[in-house]
Amino acid sequence: MMQIGQVVGDIILLVLSNYEPLKKIGIEKDKIFVKVKSYNGNGMCIHKPEFIEASILIPWAFIVSIAHFPDTDGLDFPDPFKLGIGF
């Protein structure tokens, strides 16, 4: 079972709900890959590579689900699902 403290410093898939207000800070999709910087009672602080080095607070109310991929090689920015398959 995943413990929230285990995702700090890792890349996760964050699934959001009602994310319309987050568009003002550049969150344009309901599923985003982010690096978790920290968390607290208000939400999760994340880093997105499209931004300058900054922490962004995503309140818990917007977070529907978190997918963590511990010890997975190659799961790094850019978004692994946008990479082409090559030989």
(request) Select from the stretch 29-72 the residues that are among the small types (Gly, Ala, Ser) and modelled with pLDDT of 90 or more and list them in ascending order. (result) SER38, GLY41, GLY43, ALA61, SER65, ALA67
(message) For a quick check of your reading of the model, give me the residue pairs whose first member lies in the stretch 1-27 and is more than 25 Å from PRO70 (Cβ to Cβ) and open to solvent by less than 60 Å² (accessible area, probe 1.4 Å), whose second is of a type in the set (D, E, K, R) and at pLDDT 90 or above, with beta-carbon atoms closer than 7 Å and at least 6 apart or on different chains.
(response) TYR19/ASP30
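The values are calculated or read from the model by the stated rules, or taken from the named source; none is laboratory data. It should be emphasised that the depicted structure is a prediction, and the values quoted were computed from it without experimental measurement. When we count neighbours, we look across all protein chains shown, and the Cβ atoms used for this are built from the backbone with ideal geometry, even at glycine. Calculation scope for accessible area: heavy atoms of the full protein, side chains included, ligands and nucleic acids excluded. Shrake-Rupley method; radii C 1.70, N 1.55, O 1.52, S 1.80 Å.
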